[in-house]
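Just so it is clear, none of the values below were taken in a lab; they were calculated from the coordinates. Since the structure is predicted, the reported quantities are computational estimates derived from the model, not experimental observations. Reconstructed Cβ throughout: ideal geometry from the backbone, glycine too, with neighbour counts over all protein chains shown.
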Amino acid sequence: MEQTADIALIGLAVMGQNLIMNMNDHGFTVVAYNRTTSKVDEFLSTTAKGSKVIGAHSIEEMVKLLKRPRKIMLMVKAGKPVDEFIEALLPHLEPGDLIIDGGNSHFPDTIRRAKYLESQGFLFIGTGVSGGEEGARFGPSMMPGGTPAAWPLVKDIFQSIAAKTPEGEPCCDWVGTDGAGHYVKMTHNGIEYGDMQLICEAYQLMKEGLGMSNEEMHDAFVEWNKGELDSYLIEITRDILAYKDPATGEQTLDKILDTAGQKGTGKWTSVSSLDLGMPVTLIGEAVYARCLSAMKDDRVRASKILSGPKIKIAGDKKAFVEDIRQALLASKIVSYAQGFMLLAEAAKEYKWDLNYGSIAMMWREGCIIRSVFLGKIKAAYEADPKLANLLLADYFNGLLKRCQDSWRRAVSQAVLNGIPVPAFTTALAFYDGYRSERLPANLLQAQRDYFGAHTYERIDQPRGKFFHTNWTGKGGNISAGQYTV
């Protein structure tokens, strides 16, 4: 059996098939394999008919078709299936061969797998692949990380099939060791949760607060997509608002039940932020908003019992739509700033050397959060690779100054009219907290010391020196043995 194939791909669901055809279009010979081998024959006789794609009906056959060092990409369900395939592959491979996990794996699993395979002489990559079915077929955003020696083996393949920025740069570059690639993909998905929630809150303010029709909101999103908010998610929202069922002529959006699903990556991002002590509040609120939406029956009952204000946002409708746009833009800036804060803290914790400008470039095209906005983030980190926070970059600081009055008006009107805008609100609260030289945590520390002798630092003493007060005269002078800021 001649070893002619450049790479093998296991898993012939839509993403796997589309990636194979993308690779084929760029001149690479791919071996296709699926545990249910009938799917291989079906794929070869339909989608891949007339291509250079080779089918394999066993792992052994697949491996024998590959050039050395062998490169095998898994596009299977995250979790146990990935581990099962790795174990099934190992007896057929030799040191120096590469296994790639292209699924939505949780980064701790990727760290574990990289360590395990590297200890046996194999190479491993965990890569985020974003952009859905269309991206996989015509150019995804790819975020590979793992064994550094593996990158030269797949760089040409990955960067050839990846989306390209308007300047022609591939939206794919090496992220870092072990789980770095999947961590960046997880953070991308978390930011995606935030972006979607912010757009939904803008929609709710226009629909409930201003009584705008879908056609009017469509027109607003058309204009928004021409400026600073130009992005894939604004674009598809524009299209959704205009879509009518061909059979009935009714607005499809209005027929969709208001209960949101989720696959867990937003939760992973929120949990990681808590583990690292990073206040990624907007993504957390976006996750909780989906959880609240799922409580449909409870909300229906509560709506008949709990009271609120009568919704009426008076004044110039056009002006308030602009307030909403600017509130959306400002909140989006906060969301991305929080996401990059999380990446920076994760880099410290896991010893990754992350290039934040490169990450912004990887998200510039091909992925769900692709937008013009990301080009500005890339430029900010190129101008200052050690930028402490995106909010401090001149461009974003200038936008926040310009948007601030509108942002506050939008949030205030939402609160006064009983329209829930958790993501807008938490973004503004974070902004106000981050710009505050002094927060009320001195009282919180006094409370902790009062009931638990947890100690505190003083403003008139050097940092790192801790004190305890016997607040009642009865507690004694013994303090707790551990202090965590």
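Descriptive notes on the structure:
- Ranked by the mean number of other Cβ atoms within 10 Å of their residues, highest first, the peptides 420-429, 333-342 come out as 333-342, 420-429.
- Helix 232-242 vs. the chain, principal-axis angle (Cα, 0 to 90°, nearest 10): 80
- For residue 80, a cut-off of 14 angstrom between C-alpha atoms picks up these aspartates and glutamates, skipping any fewer than 8 places away in its own chain: 101, 109.
- Most tightly packed first, judged by the mean number of other beta-carbon atoms within 10 Å of their residues, the peptides 124-136, 266-278, 249-261 read 124-136, 266-278, 249-261.
- Separation of the residue 319 and residue 404 label points, Cα + 7 Å toward Cβ, nm: 2.0
- Residue exposure proxy: 175, 76, ordered by other Cβ atoms within 10 angstrom of their Cβ from fewest to most, comes out as 76, 175.
- Measuring between their Cα centroids, segment 397-453 and segment 252-308 lie 20 Å from each other.
- Farthest towards the positive end of the charge dipole of segment 78-203, among the residues 102, 150, 199, is the Cα of 150, using unit charges on the Cβ of Lys, Arg, Asp and Glu.
- Cross-link reach is defined here as a Cα-Cα straight distance under 18 Å, omitting same-chain residues fewer than 8 places apart; for residue 52 the lysines meeting it are 39, 64, 67, 71.
- Pairs of Cα atoms nearer than 8 Å and 6+ residues apart set the relative contact order; for the chain it is 12 percent.
- Per residue of the chain, the DSSP helices (runs of n ≥ 4 H) give a summed -39500 (n - 2.57) that works out to -16000 deg cm²/dmol at 222 nm.
- Segment 223-336: projected area of the alpha-carbon convex hull, averaged over directions, in nm²: 10.6
- Here's the list of lysines a cross-link from residue 317 could span, going by alpha-carbon distance under 19 Å and ignoring same-chain residues fewer than 8 apart: 207.
- Ranked by how many other Cβ atoms sit within 10 Å of their own Cβ, fewest first, the residues 86, 157 fall in the order 86, 157.
- Remark: segment 370-485 carries a charge dipole of roughly 160 debye about the Cα centre, counting +1 on each Lys and Arg Cβ and -1 on each Asp and Glu Cβ.
- Calculated log₁₀ intensity ratio I(q)/I(0) where the Debye formula runs over C-alpha points of the chain, q = 0.08, 0.11, 0.13 Å⁻¹: -0.59, -1.00, -1.23
- Segment 355-472 shape via C-alpha gyration tensor axes, a/c threshold 1.5: oblate
- Gained length - residue 441 relative to residue 257, 0.36 nm times residue gap less alpha-carbon distance: 62.1 nm
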